[in-house]
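The numbers here are math on the coordinates, done by the rules we state, and not lab data. In this text the structure is predicted, and so the values were computed from the model without any measurement. Reconstructed Cβ throughout: ideal geometry from the backbone, glycine too, with neighbour counts over all protein chains shown.
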Amino acid sequence: MRLKSVFILVFMLSFGLVQSQVSFVAKVSKKTLGINERLRVNFEMNQDGDNFVPPSFKGFNVVGGPNQSISNSWINGKRSYSKTYSYFLAPKSQGKFTINQATIEIDDQIYKTTLLNIVVTAAVTKPKDGNNADYLASENVHLIAEVSNETPYLNEAISVVYKLYVSNDVSITRSWQEIDTPKFEDFWSQNIVDKGKQQIFEGTFKGKPYRYVILRKAVLYPQKTGALIIEPLTLDIPIDVQGNSRDIFGRRRMTRVNRTISAGKRTITVKPLPIEGKPDNFSGAVGNFNFNVSTNKSTLNANEALELKIRVKGTGNLKLFNLPSLKLPSSLEVYEPVRDNNVAVNIKGMNGFINDTYTVIPQYKGSYPIRPITFSYFNPASKSYKTVSSDEIIIQVENGPVPNQPNNVKDDASNENNISLANDQFKYIKSSTQLISINRPVFFKTSLFWYLTVIPFLLIPFVILIGNTRRKRLGDLEGKRFRKATKLAKKYLSEAKKNIGKQEAFYEALERALHNYLRAKLDIVTSEFSKEKITILLTERKVEEVMVSDFVGLLKSCEFARYTPTSDVTIKQDYEKAVDVISNIDKQIQ
């Protein structure tokens, strides 16, 4: 009989232990989905907790949430509690992804969920239902990539313009989110930015009237021949669609759905430049150009400098080829050229000029011809090569030594050398010096020596005072508890400050700061955090009614921010208000 009683007691204790175990799990609506579908992730717990931290959701965009739901019931004297955080995710691309662990603190213990493996496949076909909001959104919003030329030559400019078409049956009242940015591999590319506010245009799409906006424009120069892929632009767009239900005035209610819309991949077939007629000095210039060679002076003396400028001007791939090199007689000293350019990039390509400026210094008297320089380029309009030449330039050096003149040196002192030296030939040699004395004063017994010796003794009273203050502070247990609560609140307020530009992250951090502050100050659990309970407790602790109202108002702001957009000005005001409220409550609470 005793053995049976012991067995029953052990069974009941183990059953109670199982009942009291904490459960914190992650669940998904599906483990395999198409890239055009949504995934719901729930984080469920059977006991209340604090400091919930979701995973990063790498590979997904958060298009909804976090939504919080709480179930608290009593059945036959037993309490049943459940709390859930829900997120709605949109995949960024196809492949296998892992949703990492979420964490939460329950009874001073950290609990984590298990990893979840998700497979994202190609887009799935959805039924064509005229009453389905998703279907209506997909049929009335389109993202198009318009390419100016799908068969360009190598290094010929093409443009890509991304347009978002929206029919009059739906509307977009909130900003969209860019999921995938176009990748222009194997292209030289530059985005064209239009100044001013984005304009809305009227147009047609598949024969029907549409409104459209231009989202992005880019100029591309293909750097390889053959089939080149332009990766798509993909957006997550909130679309307002008319639903079947009506309001009290008979107007149809609007339903908001999120759609992932892609412009699709575009294939560009790049043609090689023709071999026939290709000049030997061709360096890759493609476009329509003018060519010119000029100097800033044609008459000078030996050892004087002149500038010789080679310029190519026009429309084409100005930044993607080399200018012709300069070849001059050895008696002309030539320095490396300085590259200068003034190139503007618009939707039609590059336009402007590039210069190579050479510094040339003649060494001897004489006449020096600069032979014509040729420049070749390919013109896509005429599909042929063009070669242009500069004019011949004559450089006259009037004064200076004569080349190859014999150097006759005689005993007679009246004879002079025929070697002519420039006046500034040795200008780099310094003719004056600055000496520093090595007889410096000894450090011992100087003023600095005595200062460093006396200061440590003067600091001893301050060290003793700081030590006494620290011991008194450590002995103040009540003050220590208050400081800990204030430190925790400041920690989360600092996190909120970092996220001032991100509405959801800011209000999540702000709400955590307020809750943790009250938990430490009032010694209550989170499940008691109703606004009425908070008002009663703060009033009992002699907190002013204005401060209590402000605190409850901040909690309401955190709740409303989950469902309604908030401006940056309001977010900053809520942050400053939170700092002020916590500071005042800390002074008033008893």
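Here are some notes:
- Between LYS531 and VAL193, the FRET efficiency from the beta-carbon distance, with R0 = 41 Å, is close to 0.30.
- Each of ASN72 and ARG253 was given a label point 7 Å from its Cα along the Cα-to-Cβ line. The distance between the two points is 2.9 nm.
- Between THR255 and VAL241, GLN242, GLY243, the built amide H atoms are under 5 Å apart, and every one of these is 5 or more places off in sequence or on another chain.
- If R0 is 51 Å, the Cβ-Cβ spacing of SER80 and VAL147 corresponds to a FRET efficiency of close to 0.25.
- Here the 3J(HN,Hα) profile of segment 453-459, calculated from phi with Karplus coefficients 6.51, -1.76 and 1.60 at θ = phi - 60°, is 7, 7, 4, x, 5, 5, 7 Hz, Gly and Pro shown as x.
- Each residue of segment 143-153 was assigned a 3J(HN,Hα) from its phi angle through the Karplus expression (A = 6.51, B = -1.76, C = 1.60, θ = phi - 60°), giving 10, 10, 10, 9, 9, 5, 8, 8, 10, x, 7 Hz with x at Gly and Pro.
- Fraction of alpha-carbon pairs over 15 Å apart in segment 263-330 - percent: 71 percent
- Across the cross-link table entries LYS30/LYS265; LYS533/LYS556; LYS183/LYS224; LYS31/LYS58; LYS92/LYS197, which are compared at the Cα atoms, the separations over 18 Å belong to LYS30/LYS265; LYS92/LYS197.
- Ordered by the number of other Cβ atoms lying within 10 Å of each residue's own Cβ, fewest first, TRP176, TRP450 fall into the sequence TRP450, TRP176.
- Think of each Lys and Arg Cβ as +1 and each Asp and Glu Cβ as -1; about the Cα centre, that makes the dipole of segment 136-230 roughly 300 debye.
- Calculated from backbone phi, Karplus (6.51, -1.76, 1.60) coupling profile of segment 57-74 in Hz, x at Gly/Pro: 6, 5, x, 10, 10, 7, 9, x, x, x, 9, 10, 10, 10, 10, 9, 9, 10
- For ILE395, the residues 5 or more places off, or on other chains, whose built amide H falls under 5 Å of its own are TYR368, ILE370.
- Gyration tensor verdict on segment 20-121 (Cα atoms; rounded if a/c is under 1.5, prolate if a/b is larger than b/c, oblate otherwise): prolate
- Stretching the chain fully between GLN573 and ARG211 yields a gain of 126.6 nm (0.36 nm per residue, less the alpha carbon separation).
- Neighbour-count order for PHE282, PHE375, PHE449, PHE289, fewest beta carbons within 10 angstrom listed first: PHE449, PHE282, PHE289, PHE375
- Additional length obtainable on full extension of the chain from LEU465 to ASP280, 0.36 nm per residue less Cα span: 57.9 nm
- With neighbour counts taken as other beta-carbon atoms within 10 Å, the residues ILE534, ILE394 rank, fewest first, as ILE394, ILE534.
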